[in-house]
Amino acid sequence: MLESSQFSRLDIAFAQFFSALTTFSNHEKEMLENLLAHLSFTQYQGNTCLKLNAPQQQLLLNSGLVTSPQNNSIVLPFHLDEHAHLYLRRYWDYEQGLIAKLRGMEKIDLSVSSLDETLNSFFEQSTELETNWQREAAKCAMQQAFTIITGGPGTGKTTTVVKILALLQTLNADKPLHIALAAPTGKAAMRLQESITHSKQALNCAETIKNTLPETVTTLHRLLGAKPPSPYFRYNAMNLLPYDLIVIDEASMIDLAMMSKLVSAIKPTARLILLGDKEQLASVESGTVLADLTQALPQNTIELQKTYRFKGEIKAFAQAINQQNAQQAWKITQQNSEIIQQLGEEYLSYLVEQHSEYFQRIKSGANFSEIYAAFNRFQILCAHREGKNSVSDLNYRLEKALRDKRVINLSTTWYIGRPVMVTQNNAALQLYNGDIGICLPDEHGVIKVFFPRPNESQQGYSPARLPHCETVFAMTIHKSQGSEFEEVCVCLPENRQTILTKELLYTAITRAKQRIKLVTTEAIFTATVQASVARITGLVEQLKINL
């Protein structure tokens, strides 16, 4: 009899399937089923493995289902490592594949002569009083094949990487590098593309060098050549990507499986640069890859520590949350500031008012870029999808309030001004999970959903052709990663939930460039700041062994 009511039917079926393959007694089978159901359940929670005690290890080893360091020459469904971590074999292979590739990149000699002189043309030198962390990141990237550049919002990660690209192209002027830029989601890719284009203009280098820098940013799925509905990609260990340098933004969003598949497709002589904020939420799927890599590979990691975007209250608020100083963080919300403010019980009317400019732009016949910019000025962020103060709850209440004010017409699903988020990838339409579009009439008055495209262009689609979409006046904090808005309103649930952590709240409030509004209570806010994501992975320990 399985012990925990938290196990799903899939967890139970998974455990019973493998238990039936053993010659165990009924009692031993029950113990094994509990272990395997727990492994399946913990995998769903984002862990890559399960920590076992000595009796549990012996039970697994006796089952005939598990490989270990002593019998790793055969392939079995599970693996038990030297640290008593139990893996599904697939995730053990992902981890080992990632480690093997990084080990190979560590051995590449990329020493550069006259490096300081080259750096001086792009970066100011450090002083005794202040380290130029962007320069240090560039110096690190010049001399090794694998580099992680981490730092909070506004620390200049994109600016730094554009200068690194120019530096590398300068050093390889005779044969410019073939460079790819990518991000986990369409929205993150678009933001990186805008930042790259803007930062390129300010470079202190020849136009010929600027012209060698790419401006197009793709998603990881497009980069690797997704082959839906299968989990496989066109580019893999047998068919390598053609690029000499690959830059990946928002790397904290990448799970273990995707990171392993990415690095396996990189050719042996290529460079890889990961950009991201290690303090943000981990990936939705299994693993905490960016955080693990920064911890295990300090020699490959540079943290940008000077913030250019955030000053004053938002910076202090983010630091207090990140340091889990709940008392100080709550105090900042109570100062009745214009920058950080808690909304009262009548917060719905405030949310409606924040969309007045957006709908006014639509009514006045403004162009799509102006309408889209007005919508992106303000965003409601929620911790969860269902329940009070959730995405579904606030989207429903906001639509109802806008209808009552005669701003929208809810007699049709595809009303003018409806903002939607794509939730399923559709490569044929070039629409991907996370892309946001707006429902508007075209030049003939036909209702279409328009999505932004590069160079301030847009593409309209008939609603009938779209993959599944959801209304997005409110979105989850997870979906907001890779985005930024002038103002965000962070709405937390009324009851304590395991999803509420300081990483979730930090990610939410750092989406705001100018103002933050909060809908929460002191008890929920404090509990959220004091909680932290704690996933079980073996990557750090395995990296330290193997590198």
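The values are calculated or read from the model by the stated rules, or taken from the named source; none is laboratory data. Not measured: the values here are computed from a predicted model. Counting neighbours? That spans all protein chains shown, and the Cβs are built from the backbone with ideal geometry, glycine included. What goes into the accessible areas is simple: the full protein's heavy atoms, side chains included, and nothing from ligands, DNA or RNA. Shrake-Rupley method; radii C 1.70, N 1.55, O 1.52, S 1.80 Å.
The single residue among LYS479, LYS517, LYS544, LYS513 that is charged (D, E, K, R) and over 20 Å from ILE380 (Cβ atoms) turns out to be LYS544.
Contact map, the stretch 483-497: first residue open to solvent by less than 10 Å² (accessible area, probe 1.4 Å), second residue among the basic types (Lys, Arg) and assigned to a strand (DSSP E or B), Cβ cut-off under 6 Å, separation 6 or more or different chains; pairs are GLU487/ARG515; CYS489/LYS517. Checking each residue in the stretch 363-391 for being open to solvent by 30 Å² or more (accessible area, probe 1.4 Å) and either touching a His at 6+ places or on another chain (Cβ under 9 Å) or hydrophobic (A, V, I, L, M, F, W, C) (or both) picks out only ALA373.
Taking interchain pairs and intrachain pairs at least six residues apart, which have beta carbon atoms under 8 angstrom, with the first residue in the stretch 108-119 and at pLDDT below 75 and the second among the aliphatic types (A, V, I, L, M) and surrounded by 10 or more Cβ atoms within 10 Å (Cβ to Cβ)? Note: pairs meeting the criteria are ILE108/ALA145; LEU110/MET142; LEU110/ALA145; VAL112/MET142; VAL112/LEU171.
Scanning the stretch 438-475 for residues that are exposed (fewer than 13 other Cβ atoms within 10 Å of the Cβ), hydrophobic (A, V, I, L, M, F, W, C) and either at pLDDT below 90 or assigned to a loop (DSSP other than H, G, I, E, B) (or both) yields a single hit, VAL446. Per the conditions (1) touching a helix residue (DSSP H, G or I) at 6+ places or on another chain (Cβ under 9 Å); (2) more than 17 Å from PHE485 (Cβ to Cβ); (3) open to solvent by 20 Å² or more (accessible area, probe 1.4 Å), the sole criterion not satisfied by GLN514 is (2).
Criterion first (under 18 Å from the mean Cα position of the chain (by Cα) and either assigned to a strand (DSSP E or B) or surrounded by fewer than 19 Cβ atoms within 10 Å (Cβ to Cβ) (or both)) does ALA534 satisfy it? Criteria met by ALA534. In the condition set (1) touching a residue at least 40 places away in the same chain (Cβ under 8 Å); (2) surrounded by 21 or more Cβ atoms within 10 Å (Cβ to Cβ); (3) within 30 Å of ILE536 (Cα to Cα), GLY104 is compliant with all but (2). Taken together, the residues in the stretch 506-523 that are part of a helix (DSSP H, G or I), closer than 12 Å to THR333 by Cβ and aliphatic (A, V, I, L, M) amount to 1. Of all residues in the stretch 282-309, those that are of a type outside the set (S, T, N, Q) and open to solvent by 10 Å² or more (accessible area, probe 1.4 Å) total 12.
Let's see how each residue does on (1) farther than 24 Å from LEU466 by Cα; (2) not polar (S, T, N, Q):
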{"site": "GLN354", "(1), (2)": "yes, no"}
{"site": "ILE371", "(1), (2)": "no, yes"}
{"site": "PHE375", "(1), (2)": "no, yes"}
{"site": "GLY387", "(1), (2)": "yes, yes"}
{"site": "SER390", "(1), (2)": "yes, no"}
{"site": "LEU410", "(1), (2)": "no, yes"}
{"site": "THR413", "(1), (2)": "no, no"}
{"site": "ILE416", "(1), (2)": "no, yes"}
{"site": "ILE436", "(1), (2)": "no, yes"}
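Specify the residue that is farthest from ASP81 (Cα to Cα); the eligible residues are those in the stretch 40-55 that are assigned to a helix (DSSP H, G or I) and open to solvent by less than 60 Å² (accessible area, probe 1.4 Å). Here the residue is PHE41.
Of all residues in the stretch 18-39, those satisfying the criterion of being under 13 Å from LEU88 (Cβ atoms) and open to solvent by 20 Å² or more (accessible area, probe 1.4 Å) are PHE18, HIS38.
Scanning the stretch 514-547 for residues that are touching a strand residue (DSSP E or B) at 6+ places or on another chain (Cβ under 7 Å) and of a type in the set (Lys, Arg) yields ARG515, LYS517.
Scanning the stretch 242-258 for residues that are outside any strand (DSSP E or B) and touching a residue at least 60 places away in the same chain (Cβ under 8 Å) yields PRO242, TYR243, ASP244, ASP249, GLU250, ALA251, SER252, MET253, ILE254, LEU256, ALA257, MET258.
Here are some residues: LEU351, LEU275, LEU256. Which one is under 29 Å from LEU165 (Cβ atoms), open to solvent by less than 10 Å² (accessible area, probe 1.4 Å) and in contact with a strand residue (DSSP E or B) (Cβ under 9 Å, 6 or more places away or on another chain)? Selected residue: LEU275, the only one of LEU351, LEU275, LEU256 that is under 29 Å from LEU165 (Cβ atoms), open to solvent by less than 10 Å² (accessible area, probe 1.4 Å) and in contact with a strand residue (DSSP E or B) (Cβ under 9 Å, 6 or more places away or on another chain).
How many of the residues making up the stretch 56-91 are crowded, with 19+ Cβ neighbours inside 10 Å, among the polar types (S, T, N, Q) and closer than 19 Å to GLN542 by Cβ? Looking only at that region, the number is 1.
For every residue, the table says whether it meets (1) out of contact with any helix residue (DSSP H, G or I) (no Cβ under 7 Å at 6 or more places or on another chain); (2) touching a residue at least 40 places away in the same chain (Cβ under 8 Å); (3) not charged (D, E, K, R).
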{"position": "THR159", "(1), (2), (3)": "no, yes, yes"}
{"position": "LYS163", "(1), (2), (3)": "no, yes, no"}
{"position": "LEU192", "(1), (2), (3)": "no, yes, yes"}
{"position": "THR208", "(1), (2), (3)": "yes, no, yes"}
{"position": "THR216", "(1), (2), (3)": "no, yes, yes"}
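Residue selection: GLU503 fails the criterion of being assigned to a strand (DSSP E or B) and closer than 29 Å to GLY46 by Cβ. The C-beta contact set for the stretch 261-276 (first residue without any contact (Cβ under 8 Å) to a residue 60 or more places away in the chain and more than 15 Å from CYS140 (Cα to Cα), second residue of a type in the set (S, T, N, Q) and outside any loop (DSSP other than H, G, I, E, B), distance under 6 angstrom, 6+ apart or interchain) comprises ALA265/ASN236.
Taken over the stretch 231-241, the residue count meeting the criterion of being open to solvent by 50 Å² or more (accessible area, probe 1.4 Å) and either free of Cβ contacts under 8 Å to residues at least 24 places away in the same chain or out of contact with any Lys or Arg (no Cβ under 6 Å at 6 or more places or on another chain) (or both) is 7. Here LEU343 meets each of (1) open to solvent by less than 50 Å² (accessible area, probe 1.4 Å); (2) modelled with pLDDT under 95; (3) out of contact with any Cys (no Cβ under 8 Å at 6 or more places or on another chain) with one exception, condition (3).
With respect to (1) farther than 29 Å from ALA508 by Cα; (2) among the basic types (Lys, Arg); (3) open to solvent by less than 50 Å² (accessible area, probe 1.4 Å), the lone exception for LYS139 is condition (3). A count restricted to the stretch 330-364 and to residues that are farther than 17 Å from GLN514 by Cα, among the hydrophobic types (A, V, I, L, M, F, W, C) and in contact (Cβ under 8 Å) with a residue 60 or more places away in the chain stands at 2.
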